[in-house]
Every structure is written in structure tokens, then in C-alpha cells.
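Here's the structure we're looking at; comments come further down.
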Amino acid sequence: MNIARHLTIMAKARPDAVAVKVPRGRVHDAAGEKIDYLTLTFSDLHAEVGAWEANLVKRGVREGDRVLVMVRQGLPLIAAVFALFRMGAVPVIIDPGMGMKSFLRCVAHSRPRVLLGIPVARFLSRVCRRAFRSVEIRVPASSSPLARIKAQNPESKIQNNTEVSNNGLAAILFTSGSTGAPKGVCYKHEMFEAQVRSIRDTYEIEPGEGDLSMLPVFALFSPALGMTTIVPEIDPSRPATLDPSKIVRAIQQENVNNSFGSPTLWNKIADYCIANNITLPSMKRVLCAGAPVPAALWEKARKILPNGKLHSPYGATECLPVSNVNGDEMLQNKSACAGACVGRATPEIQIKIIAINDDPIAALADARELPPGEIGEIIVTGPAITREYDNLPAATAAAKIKSGDTIWHRMGDTGCLDADGRLWFCGRKAERVETAAGPLYTEPCEQVFRAHPQVVRCALVGLGARGSQIPAIVIQPASKHFDLAKLAAELRALALAQPHTAGIAHFFHHPKFPVDVRHNAKIHRLTLAAWAASGKAEELKS
């Protein structure tokens with residue numbers, strides 16, 4: 001079924017319920033300063049989407065067209081994407097934070113016929129003509145004034161135009177490219193439908209809840225779930241600049257129940273709350289994804305969420321959510337597995353651990369499944385699992401395994417299943433360090449050194465050729481002033497205390513880790529490995 005049908009359903013069932021609230025400044029009343037929001041009901045949002053759809057059709061956009069979406073977060077993104085879904089066009093969404101070179105490469109590869117964009121996007125398409133050579137139509141992306149919509153159609157008549165291209169391509173969403181070139185993931189409507197179903201059932205989400213997502217794309221699920229989308233005051237291209245006071249103010253003022261954000265962002269919010277003796281009683285759940293949740297954040301969440309829980313969903317652009325774990329379960333987790341617990345499989349998802357293999361695996365029968373407790377490669381299947389990358393047959397072959405009509409996706413991650421069926425994440429497969437004594441995995445090793453108070457971030461890297469790599473740890477120190485020799489000795493002592501890190505004797509410090517823009521949490525370890533091997537890195541020595 002066309003995923004846009006959910007908006008039609010909500011507009012019919014709950015026309016006067018609030019769908020979207022967009023911040024537009026500040027107002028003052030007897031209680032003090034408040035965020036001023038533009039508010040749209042589900043009936044309003046449905047009309048807004050209809051206006052976008054009518055404009056796109058008028059400008060020559062057709063069913064099946066690939067449409068590169070370069071608009072602002074919040075209402076423009078929601079309205080544009082749902083309008084494209086409704087008319088059977090294919091939104092192409094690329095994270096501009098991946099860097100201009102990679103972004104332009106993705107544009108050229110996806111071959112959009114239409115650009116729906118803000119002025120700077122349309123200007124870019126004129127300057128970088130080679131990357132945008134497939135574009136025939138450029139549509140300005142400006143939200144239709146709601147007053148004009150209602151003047152044209154006072155009854156906000158609700159129609160269902162979602163019976164097109166239901167079995168065809170629904171969207172192309174690009175991966176972040178944190179450990180390789182970004183790839184366009186092909187989604188069908190049935191896959192989005194399965195995601196909505198899984199998110200609703202896993203987190204027991206009910207219509208009428210308020211959602212504040214700090215990842216713009218994730219906010220697209222809110223209208224389909226009947227939630228009120230509270231657009232956050234955050235620059236999605238620079239999430240590290242987040243002002244936690246603005247997020248807390250929005251949560252308190254709007255009684256927000258749900259939020260999605262990286263561990264980095266929620267760590268800043270939690271620190272702000274604790275420093276100012278603030279709790280967030282309206283919050284039912286916080287979903288933290290993009291990187292493993294550090295142990296300290298689980299504890300902080302318990303202090304600021306008296307009526308809610310911190311959750312860590314595990315997944316990827318190709319399949320989300322795969323599993324989930326919450327704060328209560330983390331306290332109970334006792335296992336022989338190393339790494340970060342990411343919980344049990346979500347409804348309709350199956351998980352297996354197979355022996356690590358860097359080559360394509362054509363059939364599941366060719367893979368060797370590992371028993372509980374043994375670290376290997378994570379593969380998953382289910383109705384939300386995407387089946388291919390856009391026009392990348394080699395990448396598809398490397399990431400997909402067939403078993404009859406079933407497709408298993410290779411997550412590109414290492415991990416293990418424990419005896420109770422919980423999944424433990426051990427790090428990206430491409431970032432494992434292959435020493436002469438055997439492989440080392442990032443998460444089990446880095447956990448040891450993250451315990452040091454002087455370490456903000458750390459990364460396991462390998463020096464030399466795979467198979468005989470020398471393991472090293474790069475740390476991002478908490479301050480600029482520290483005793484190099486003392487820190488080196490303390491890190492080495494931590495290493496010797498654990499069997500799997502005892503062989504790590506080389507330590508480097510880097511002032512600011514390279515991380516992804518999307519979550520501001522994924523460390524580019526391969527970049528750090530090249531830096532550490534370049535001779536420019538300063539090694540800590542005791």
C-alpha cells in the first residue's frame with residue numbers, strides 16, 4: 001500500500017488533531033517567554049500536501065519521476081515527501097552533510113529528472129551542471145500559505161490519491177557513507193509500511209503523542225503514526241551546535257512524549273538537565289541511535305526521565321529497526337558476550353550471526369552460522385529489509401544473501417547473540433583490526449578506555465597490513481592540559497586489566513575526532529587510522 005495513505009486516514013479520523021508545530025519566534029505572556037508555533041491540524045496538513053502535489057503536477061512532474069528533495073526540515077520536508085508519495089513520484093533524499101564531493105556524486109548517480117529545492121539548491125544545480133545534468137525541471141520549494149489553501153478550498157476536502165505505484169519504487173534514501181561510498185537504498189511502499197508497523201508496535205506509540213525528532217528524515221514517520229510533529233530548533237547540517245536549552249524548553253512547553261536523537265545530542269541535553277535540576281516528566285521514550293549509547297548516558301537518562309525510558313534502536317538505512325534495548329534491560333544485562341547490547345529483534349525481524357567473510361555470499365547455504373556467544377557478522381531479514389541498491393549490482397551482491405525468495409541483509413557490522421537471544425554490537429566489520437594474534441573489534445576494546453575520565457572519545461585503529469596489524473587507541477582528551485606520560489601509563493594499565501586489550505600498547509591523542517554529520521556520533525576510524533600511520537600523530541608515552 002502507498003505509505004501516504006496514513007495521512008489520509010489520520011485526516012479523516014482526527015481532522016482537528018494537531019499534526020505539525022513549526023517554531024517561528026518567541027512570544028511573551030503572563031508566564032514569561034514561550035516558543036511561538038505555526039500549528040497545522042491533520043486536515044490542514046492534508047490540504048498542504050494536496051497543494052504541493054497540485055503544484056508539482058502543474059510544473060510537469062509525473063508518476064515515476066525521480067525527484068531530488070532539497071528543502072528545509074519540518075513542514076516543507078513532510079509536505080514535499082508525502083505529496084511525492086501520493087502522486088507516485090520517487091523522492092531522492094541525500095544528506096548534504098556528507099561533503100560536497102560525495103553529495104554531487106550521489107546526485108549524478110541517482111539521475112533525478114526533477115529538483116525540488118530551496119534557492120541555494122537550485123543555484124547549485126546551475127553551477128554544478130555535470131552532476132545535475134539529468135535534471136529537466138526545477139521546482140521552487142516554498143510552503144504554500146495555509147490561508148490561501150483554505151480560501152481556495154474551505155472544506156479542505158479529503159481525497160485519496162494513493163493508488164499509484166504501490167508495488168514500484170517508493171523512494172531512494174542514501175546511506176551516510178561512514179565506512180565507504182554512500183549508496184542509494186531502494187525502498188518500496190511495502191517496506192515503509194512494515195517500518196511504520198514495527199515502530200508503532202515496538203514502542204507502543206499511540207496517536208496524539210508529541211514527537212520531537214532531531215533527525216529530519218525520522219520525523220516523516222510521525223504523521224503516519226498520528227503523532228504531533230514538534231519541529232526542533234536545531235540546524236540539521238550542524239547538529240553539534242545544538243542548544244540544549246531550546247530542546248528542553250520545547251519538551252516542557254509542548255509536553256513532548258517522544259524524541260529521536262544521537263547519543264551525542266542527548267548527552268548534551270541530559271547534562272543540561274542535570275546541571276539545572278530539570279526533569280522531563282512528559283517524556284515516555286527517548287530513542288538514541290547512530291552509535292552505541294555510552295554507559296554514563298543510561299544512568300543520566302534515569303535521572304531526567306522519571307516517567308520514561310531511554311531506548312537504543314539498532315538498524316541502518318537499509319533496515320530499521322532491527323532490534324531495541326531500553327534502560328531497564330541494560331541494568332539486567334549479564335552476558336558472556338562483549339560489546340554493546342542492542343537488545344532483542346523487533347517484530348517480524350530475524351537475526352543470524354555468520355562467520356566473517358569479506359567476499360559476496362550468493363546463498364545462505366554458503367554462509368556458516370555461528371553459535372551464541374561467538375562474534376561474527378550480523379545478517380537480518382524481514383518485511384522492512386530493502387532488497388537492492390540503486391543501480392549498484394556489485395554493492396547489492398556484496399550486501400545481500402538469498403535464501404529462496406527471502407533476502408538477508410549483511411549489516412556490515414560484527415556482533416554476537418547471547419543465550420537469551422539478545423544481540424550485542426561489536427563494531428563495523430570494515431573497522432576490525434586483524435592482528436597476528438587474531439581480530440580485535442572496536443566496541444569491546446573502546447569500552448575499556450572510555451571509562452577513563454580524561455577520554456571524551458576513543459577509537460581502535462590498526463597500523464600496518466591486515467593480518468599483522470598493530471593495534472592502537474586514539475583518544476580525544478577532555479581538556480587541552482594533561483600529563484602525557486601519566487595518561488599513557490593509566491591507559492596502558494586499563495589495557496592490561498582485560499585479556500582482549502592486553503596487547504594494546506600504543507596510544508595517540510587527537511584534538512577533535514572526525515565524525516558523521518547526520519548523528520555527530522559515528523567516528524570515522526579509517527580516517528583516524530590513516531592519520532595515526534602518517535607520522536604526523538603524536539604518540540602518548542609513559
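The values are calculated or read from the model by the stated rules, or taken from the named source; none is laboratory data. Note that this is a predicted model, so its numbers are computed, not measured. Glycine gets a Cβ as well: all are built from the backbone with ideal geometry, and neighbour counts include every protein chain shown.
Has segment 334-345 got any residue that is at positive phi, touching a Cys at 6+ places or on another chain (Cβ under 7 Å) and either crowded, with 17+ Cβ neighbours inside 10 Å or among the polar types (S, T, N, Q) (or both)?
Among the residues of segment 334-345, at least one is at positive phi, touching a Cys at 6+ places or on another chain (Cβ under 7 Å) and either crowded, with 17+ Cβ neighbours inside 10 Å or among the polar types (S, T, N, Q) (or both), which makes the answer yes.
Determine whether segment 510-531 contains at least one residue that is of a type outside the set (Val, Ile, Thr), over 20 Å from PRO292 (Cβ atoms) and in contact with a Leu (Cβ under 8 Å, 6 or more places away or on another chain).
No, segment 510-531 has no match at all.
Here is a check on your reading of the model: is VAL217 surrounded by 23 or more Cβ atoms within 10 Å (Cβ to Cβ) and not small (Gly, Ala, Ser)?
No, not satisfied.
Go through segment 387-439 and give me each residue that's touching a helix residue (DSSP H, G or I) at 6+ places or on another chain (Cβ under 9 Å), among the small types (Gly, Ala, Ser), surrounded by fewer than 22 Cβ atoms within 10 Å (Cβ to Cβ) and under 23 Å from LYS183 (Cβ atoms).
SER403, GLY412, ALA430 - these are the residues of segment 387-439 that are touching a helix residue (DSSP H, G or I) at 6+ places or on another chain (Cβ under 9 Å), among the small types (Gly, Ala, Ser), surrounded by fewer than 22 Cβ atoms within 10 Å (Cβ to Cβ) and under 23 Å from LYS183 (Cβ atoms).
For LYS12, state whether it is over 27 Å from the mean Cα position of the chain (by Cα) and assigned to a strand (DSSP E or B).
So LYS12 does not fit the description; no.
Can you run down the residue pairs with Cβ atoms below 8 Å, 6 or more apart or on separate chains, where the first is in segment 68-91 and more than 13 Å from SER222 (Cα to Cα) and the partner is at pLDDT below 95 and part of a strand (DSSP E or B)?
So the pair list comes out as VAL90/LEU169.
With a cut-off of at least 1 residues that are of a type in the set (Asp, Glu) and under 30 Å from ILE354 (Cβ atoms), name the strands (runs of 3 or more DSSP E) lying wholly within segment 429-505.
433-435
For segment 51-60, give me each residue that is in contact with a strand residue (DSSP E or B) (Cβ under 9 Å, 6 or more places away or on another chain) and surrounded by fewer than 21 Cβ atoms within 10 Å (Cβ to Cβ).
Hits for segment 51-60 are ASN55, ARG59, GLY60.
Could you check ARG466 against (1) within 20 Å of VAL433 (Cβ to Cβ); (2) at pLDDT 90 or above; (3) surrounded by 14 or more Cβ atoms within 10 Å (Cβ to Cβ) and say which number it fails?
The failed condition is (3).
Among the residues of segment 469-495 satisfying the criterion of being of a type in the set (A, V, I, L, M, F, W, C) and closer than 22 Å to THR179 by Cβ, which is surrounded by the fewest Cβ atoms within 10 Å (Cβ to Cβ)?
ILE470
Being farther than 18 Å from LEU225 by Cα, at pLDDT below 95 and surrounded by fewer than 16 Cβ atoms within 10 Å (Cβ to Cβ) is the requirement here; does ARG24 meet it?
yes
Residue-by-condition table, conditions (1) assigned to a loop (DSSP other than H, G, I, E, B); (2) outside the structural domain of PRO140 (by TED's automatic domain parsing); (3) on the phi < 0 side of the Ramachandran plot:
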residue: ALA19; (1), (2), (3): no, yes, yes
residue: GLY25; (1), (2), (3): no, yes, no
residue: HIS28; (1), (2), (3): no, yes, yes
residue: LYS34; (1), (2), (3): no, yes, yes
residue: HIS46; (1), (2), (3): no, no, yes
residue: ALA51; (1), (2), (3): no, no, yes
residue: ALA54; (1), (2), (3): no, no, yes
residue: VAL61; (1), (2), (3): yes, no, yes
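Modelled with pLDDT under 95 and under 30 Å from LEU280 (Cβ atoms): does that describe LYS334?
yes
Among the numbered conditions (1) touching a helix residue (DSSP H, G or I) at 6+ places or on another chain (Cβ under 7 Å); (2) modelled with pLDDT under 95; (3) closer than 18 Å to GLN454 by Cα, tell me where HIS509 comes up short.
(1)
If SER43 passes every condition in (1) among the polar types (S, T, N, Q); (2) under 12 Å from MET227 (Cα atoms); (3) touching a helix residue (DSSP H, G or I) at 6+ places or on another chain (Cβ under 7 Å) but one, which one does it miss?
(2)
Restricting to strands (runs of 3 or more DSSP E) lying wholly in segment 220-291: which have 3 or more residues that are within 29 Å of THR41 (Cα to Cα), more than 14 Å from the chain's Cα centre (by Cα) and not basic (Lys, Arg)?
Details: elements: 228-230, 258-261, 285-288.
Because the criterion is at least 3 residues that are within 29 Å of THR41 (Cα to Cα), more than 14 Å from the chain's Cα centre (by Cα) and not basic (Lys, Arg), the strands (runs of 3 or more DSSP E) in segment 220-291 that meet it are 228-230.
Name the single residue that is nearest to GLU318 (Cα to Cα) among those in segment 362-380 being in a strand (DSSP E or B) and more than 19 Å from the chain's Cα centre (by Cα).
So, considering only residues that are in a strand (DSSP E or B) and more than 19 Å from the chain's Cα centre (by Cα), the one nearest to GLU318 (Cα to Cα) is GLU377.
Mind listing just one residue for me: the one in segment 510-542 that is part of a loop (DSSP other than H, G, I, E, B) and charged (D, E, K, R) and, of those, farthest from VAL456 (Cα to Cα)?
We begin by selecting, within segment 510-542, every residue part of a loop (DSSP other than H, G, I, E, B); these are 510-514, 516-522, 524, 534-538, 541-542.
Narrowing further to those that are charged (D, E, K, R): 512, 516, 518, 522, 536, 538, 541.
Values: LYS512: 10, ASP516: 16, ARG518: 19, LYS522: 14, LYS536: 21, GLU538: 18, LYS541: 19 Å.
So the residue we want is LYS536.
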